[in-house]
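Q: The structure that follows is given in the form of structure tokens.
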Amino acid sequence: MSIVIDPISPVAFSVFGVPVRWYALAYVAAFVVGYFLLKRMMRSDRCEIKLSKKELDDLLTWVVFGVIIGGRLGYVLFYNLSFFIAHPLEIFAVWHGGMSFHGGLAGVVIATFLFGRGWLRGLKILDLISVVAPIGLFFGRIANFINMELMGRPTDSQFGVLFNGVSDVPRHPSPIYEGLTEGLLLFIIMGCLYRFTKLRRYPGALCGAMAMIYSVFRIFCEQFRMPDAQVGFLTSWGLTMGQLLSGLLFACGCAFFCMAITRGRDKK
């Protein structure tokens, strides 16, 4: 028996008639919580790099722009290029939706290295961001579920969700699956790797580990998620764009991790 849920308004509240959406609040929560977690990590003796309050504020600005610009361009290039070629001004209409995690991640990586002004310093900062970033993914996936977007494939299991008056058949609540794995569980794993292992001493190891673990979770969750309608399955056996990009991300993460461990051993 499926779970029947009344649709939730994508608008959380209004301020002087201006609607404030849950998705926007998810982004705000991600940046605010991530900022304070980074600030707390800076106070710890185990932190491999220290940033002043001004530097941390500047880093937040770089990351915000990296996420938004990278996420939007990633969606344009990977998920709906033909539409945006025909309607180029829609690229700037981010309020219509359309963000790519893989593009946002690339944006953050580029922004972090530009901010760090150096390969080694950039890697150390990126490692810290990798520890806190999954909690932002959790907030984002919860917002996806509220918006009834990125929903899963039809199912007759007890986990199926039927939005009253909206859904035609019960579907896997794939945003919840992703929020719990790519978000909450990954956050716990990265916190444990940072706190209880020596990976933080190898610049690039933590961000490589985060990329690999995320990719595994994403590839798994894509088994329950409907592919984007305008893209569909890439192969006859069901490969999705999310799985393809996650496979490439896994390879990049593996390269970062191996180089970090090798460089660290060479210096000993």
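The values are calculated or read from the model by the stated rules, or taken from the named source; none is laboratory data. All values derive from a computational prediction rather than experimental measurement. Every residue, glycine as well, gets a Cβ built from its backbone with ideal geometry; the counts of neighbours run over all protein chains shown.
Q: Which condition from (1) in a helix (DSSP H, G or I); (2) more than 26 Å from GLN230 (Cβ to Cβ); (3) modelled with pLDDT under 95 is the one that PHE145 breaks?
A: If we test PHE145 against (1) in a helix (DSSP H, G or I); (2) more than 26 Å from GLN230 (Cβ to Cβ); (3) modelled with pLDDT under 95, just (2) comes out false.
Q: What tally of residues in segment 12-29 results from selecting those that are part of a strand (DSSP E or B), of a type outside the set (D, E, K, R) and under 16 Å from ARG141 (Cα atoms)?
A: 1
Q: Turning to a different aspect of this structure: Any residue that is among the aliphatic types (A, V, I, L, M), over 25 Å from GLY70 (Cβ atoms) and assigned to a strand (DSSP E or B) - is there at least one of those in segment 162-174?
A: Yes, because at least one residue in segment 162-174 is among the aliphatic types (A, V, I, L, M), over 25 Å from GLY70 (Cβ atoms) and assigned to a strand (DSSP E or B).
Q: In addition: Taking the condition modelled with pLDDT under 95, in contact with a Gly (Cβ under 7 Å, 6 or more places away or on another chain), over 27 Å from GLU48 (Cα atoms) and crowded, with 19+ Cβ neighbours inside 10 Å, does ARG171 pass?
A: Judged against the criteria, ARG171 is a match.
Q: I would also like to ask the following. Scanning for something exposed (fewer than 13 other Cβ atoms within 10 Å of the Cβ) and assigned to a helix (DSSP H, G or I), does segment 44-53 turn up at least one residue?
A: Taking every residue of segment 44-53 in turn, at least one turns out to be exposed (fewer than 13 other Cβ atoms within 10 Å of the Cβ) and assigned to a helix (DSSP H, G or I).
Q: Ok, one more. Filter segment 204-235 down to the residues that are touching a residue at least 24 places away in the same chain (Cβ under 8 Å), assigned to a loop (DSSP other than H, G, I, E, B) and out of contact with any His (no Cβ under 6 Å at 6 or more places or on another chain), then identify the one that is surrounded by the most Cβ atoms within 10 Å (Cβ to Cβ).
A: Here the residue is GLY204.
Q: Still on this model: Given the conditions (1) in a helix (DSSP H, G or I); (2) at pLDDT below 95, report the number of the one that ASP58 does not fulfil.
A: (2)
Q: Now for a different question. What pairs come out if I take residues in segment 33-58 that are under 20 Å from LEU123 (Cβ atoms) and pair them with residues that are surrounded by fewer than 16 Cβ atoms within 10 Å (Cβ to Cβ) and basic (Lys, Arg) whose C-beta lies under 6 Å away, six or more apart or interchain?
A: MET42/LYS50
Q: Here is a follow-up. Could you go through segment 30-45 and let me know if any residue there is within 29 Å of VAL161 (Cα to Cα) and either under 24 Å from the mean Cα position of the chain (by Cα) or among the charged types (D, E, K, R) (or both).
A: The answer is yes; a qualifying residue exists.
Q: Name the one entry in GLY107, GLY118 that is under 16 Å from the mean Cα position of the chain (by Cα), of a type outside the set (Lys, Arg) and more than 23 Å from LEU180 (Cβ to Cβ).
A: Testing whether each residue is under 16 Å from the mean Cα position of the chain (by Cα), of a type outside the set (Lys, Arg) and more than 23 Å from LEU180 (Cβ to Cβ) leaves just GLY107.
Q: Just wondering, is there one or more residues in segment 149-161 that are modelled with pLDDT of 90 or more, assigned to a helix (DSSP H, G or I) and within 23 Å of the chain's Cα centre (by Cα)?
A: no
Q: What tally of residues in segment 85-105 results from selecting those that are crowded, with 19+ Cβ neighbours inside 10 Å, in contact with a helix residue (DSSP H, G or I) (Cβ under 6 Å, 6 or more places away or on another chain) and either acidic (Asp, Glu) or in a helix (DSSP H, G or I) (or both)?
A: Count: 3.
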